[in-house]
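Q: What follows is a single structure, and I will ask about it in a moment.
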Amino acid sequence: MSGELDLGALLRTLTTQLDNGLYVFATMSDADVPQDLIPKMCFREAEGTTLILSQSQAEAHGIAWEFPCRMITLDVHSSLEAVGFIAVIASKLAEAGMGVNPVGGFYHDHLFVPDGREDEALAILRQIARDAGSVD
C-alpha cells in the first residue's frame, strides 16, 4: 500500500501548493464532452459527467459552469485508505464558513475552494499543520 496512513503524520507534514488557474465545475452528457477538452478531473455520475476544468476552457467551449474556485494541492502523499485527513481539513474550513470540494488523486488530495478565499484557506491549512506539530 502506498502513502501515509497515520493521521498525526499527515497533519504534521501538511504543506500546500496553490495552482495559478481559476477552475469551474460543469456537467454534461458523456457524449457531449468536446474531444479537445482537457479537464483537470472527469467523473461519470448517473446524472451526467462532472468536469472540473479551467474557466477559460469552459468559456472557449461554451460550457455552462458553476463554482469558480482555486485548486490547492496537499503536498503529502496520503494513502487512499487514510482515515480522517480530509475530515479534519473540511471541518476547519467549515468553521470558517468555507465550503470545499476535495478530490483525491493517487498521490495527493486536492481542494477546490471558492475563488477569493484561497489565501484564507491556505492560512487555515498552515494552522492545522502547526497545531498538529505542537501536540506531540
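Q: Does segment 87-136 come out rounded, prolate or oblate, given a ≥ b ≥ c as the square roots of the eigenvalues of its C-alpha gyration tensor, rounded meaning a/c under 1.5 and, failing that, prolate meaning a/b above b/c? Walk me through the intermediate numbers first.
A: On the way: a/c = 1.89, a/b = 1.20, b/c = 1.57.
Verdict is oblate for segment 87-136.
Q: List the residues of segment 50-94 whose backbone N lies under 12 Å from a point placed 7 Å from the Cα of Asp6 along the Cα-to-Cβ direction.
A: None, by backbone N distance to the label point.
Q: Let me ask something else. Once the piece of chain linking Leu22 and Gln35 is laid out straight, how much longer is it, given 0.36 nm per residue of separation minus the C-alpha distance between them?
A: On the way: separation 13, 0.36 × 13 = 4.68 nm, distance 2.12 nm.
Between Leu22 and Gln35, full extension yields 2.6 nm more.
Q: Shifting gears a bit: So what is the calculated 222 nm ellipticity per residue for the chain, using -39500 (n - 2.57) for each DSSP H run with n of 4 or more, over all residues, to the nearest 500 deg cm²/dmol? Write out the running numbers ahead of the final one.
A: Values: 4 runs with 41 residues, N = 136.
It comes out at -9000 deg cm²/dmol, rounded to the nearest 500.
Q: Across segment 64-78, in residue order, what do the Karplus-derived ³J(HN,Hα) couplings come to in whole Hz, using 6.51 cos²θ - 1.76 cosθ + 1.60 with θ = phi - 60° and x for Gly and Pro?
A: With the stated coefficients, segment 64-78 comes to 5, 9, 9, 6, x, 8, 10, 9, 10, 8, 8, 7, 9, 7, 7 Hz.
Q: Using only Cα atoms, locate the centre of segment 73-136 and the centre of segment 1-67, then give the distance between them in Å, rounded to an integer.
A: Taking the Cα centre of segment 1-67 as reference, the centre of segment 73-136 is 16 Å away.
Q: Can you list residues whose amide H is under 5 Å from Ser78's amide H, if they're 5+ apart or on another chain and H is modeled 1.01 Å from N?
A: For Ser78, the qualifying residues are Glu4, Asp109.
Q: For segment 92-103, what does the Karplus curve 6.51 cos²θ - 1.76 cosθ + 1.60, with θ = phi - 60°, yield as ³J(HN,Hα) per residue in whole Hz, taken in order and with x for Gly and Pro?
A: With coefficients 6.51, -1.76 and 1.60, one gets 5, 5, 5, 4, 8, x, 10, x, 8, 10, x, 10 Hz.
Q: With the crude spin-label approximation of a point 7 Å out along Cα→Cβ, what separation in nm comes out for Cys42 versus Ser56?
A: The answer from the label model is 2.1 nm.
Quick note: the coordinates plus some simple rules give every number you see, no bench work behind them. This is a predicted model, so every value here is computed, not measured. Counting neighbours? That spans all protein chains shown, and the Cβs are built from the backbone with ideal geometry, glycine included.
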